[in-house]
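S.K.: The structure's right below; bear with me while I get my questions together.
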Amino acid sequence: MKVAVFFGSKSDTETMKKAAPVLDEFGVAYEAFILSAHRAGEALRNTVARVEKDGCEVIIAGAGLSAALPGVIASETILPVIGVPLECVSGVSNGLAGMDALLSIVQMPPKIPVATVGIGNAANAAYLAVEILAVKYPELRAKLADFRKKMTEDAVANGGTGVEL
Ligand code: RP5
């Protein structure tokens, strides 16, 4: 396992699943855990220590509402933590649409950052995890370079040489 994916509730699963195909595409091994910082603090701490011991190198953490999970994980490890703010699908965030989680996750105190992606964007969290790992693994760096080259070619092909309006 190179990446550990944490999220706070079963209700977050559908959104956090979007990290999986990206990590699969790059052949990055991962494990996922549903552990809330507020509801299961001790189990969370133990699991963070366990994955770190098992060789995990990057952590992705998604949570909704008062989204403490990524910050609490950051306080337990020096591994890079990528936070995914989530819209709470159980409806109790009263139309805040994930803004509550975004501000909770992005506004970390000085000296202990969480790298925050857009609301619900677990796929981008996975791409960022791949980029971090690519610093160390040349094979992954090569795959990432190919992926970016194709992305750019597709973008240019898709209207970049001019379109009829
Ligand atoms: C957060 O509270 C979870 O990450 C989830 O987004 C939100 C609501 O959780 P449930 O009440 O659906 O379990 O901790």
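S.K.: Which one of Y30, Y137, Y127 has the biggest mean-square fluctuation once the chain is modelled by GNM with Cα springs under 10 Å?
M.R.: Maximum among the listed residues: Y137.
S.K.: Could you work out [θ]222 nm for the chain from helices alone, using -39500 (n - 2.57) per DSSP H run of at least four and dividing by all its residues? Round to the nearest 500 deg cm²/dmol. List each step's numbers first, then the result.
M.R.: Working: 7 runs with 73 residues, N = 165.
Using -39500 (n - 2.57) per qualifying helix, the result is -13000 deg cm²/dmol.
S.K.: Let me ask something else. Taking the DSSP beta bridges in the chain as the whole, what percent of them are antiparallel, to the nearest 5?
M.R.: 0
S.K.: While we're on this one: Quick check: the angle from helix 122-134's long axis to the longest principal axis of the chain, C-alpha only, nearest 10 degrees?
M.R.: 80
S.K.: Between helix 41-53 and the chain, what is the angle of the helix's C-alpha long axis to the longest principal axis, kept within 0 to 90° and rounded to the nearest 10?
M.R.: 50
S.K.: Right, next: Please name which of N94, A115, S104 has its Cα lying farthest along the dipole of segment 92-156 towards the positive end, using unit charges on Cβ (Lys, Arg +1; Asp, Glu -1) and the Cα centre as origin.
M.R.: A115
S.K.: So, with +1 on the Cβ of K and R and -1 on the Cβ of D and E, and no other charges, what is the size of the charge dipole of the chain about its Cα centre, to the nearest 20 debye?
M.R.: Numbers: 15 positive and 18 negative charges, 72 e Å.
It comes to approximately 340 debye.
S.K.: Can you give me the long-range amide H partners of G62? Hydrogens built in the peptide plane at 1.01 Å from N, cutoff under 5 Å, separation of 5 or more residues or another chain.
M.R.: So G62 has HN proximity to F6, F7, G8, V84.
S.K.: Which order do you get for D146, D100 if you rank them by accessible area with a 1.4 Å probe, largest at the top?
M.R.: Ranked list, largest accessible area first: D146, D100.
S.K.: In degrees between 0 and 90, to the nearest 10, how far off the longest principal axis of the chain does helix 138-157 point, with axes built from Cα atoms?
M.R.: Once rounded, the angle reads 60 degrees.
S.K.: Using just the alpha carbons, could you tell me how many Å³ per residue the convex hull of the chain encloses?
M.R.: Numbers: hull volume 23.0 nm³, N = 165.
Expressed per residue, the convex hull around the Cα atoms of the chain is 139 Å³.
S.K.: Okay, next question. Counting Lys +1, Arg +1, Asp -1, Glu -1, what net charge surrounds R141 among other residues with beta carbon under 13 Å of its beta carbon?
M.R.: Numbers: positive: K136, K143, R148, K149; negative: E131, E139, D146.
Cβ neighbours under 13 Å give a net charge of +1.
S.K.: Within a Cβ distance under 15 Å of G98, other residues only, what is the Lys/Arg minus Asp/Glu net charge? All intermediate terms of the calculation are to be shown ahead of the outcome.
M.R.: On the way: positive: K18; negative: D12, E14, E87, D100.
Value of the local net charge: -3.
S.K.: Which number gives the lysine pairs in the chain that have C-alpha atoms under 18 Å apart and are eight or more places apart or on different chains?
M.R.: Details: K2/K17; K2/K18; K2/K53; K2/K136; K2/K143; K10/K18.
For the chain, the number of qualifying lysine pairs is 6.
The values are calculated or read from the model by the stated rules, or taken from the named source; none is laboratory data. Keep in mind it's a predicted model, so treat the numbers as computed, not measured. A quick note on method: Cβ atoms are made from the backbone with ideal geometry, for glycine too, and the neighbour counts reach across all protein chains shown. To get the accessible areas, we keep the full protein, side chains included, count just its heavy atoms, and leave off ligands, DNA and RNA. Shrake-Rupley method; radii C 1.70, N 1.55, O 1.52, S 1.80 Å.
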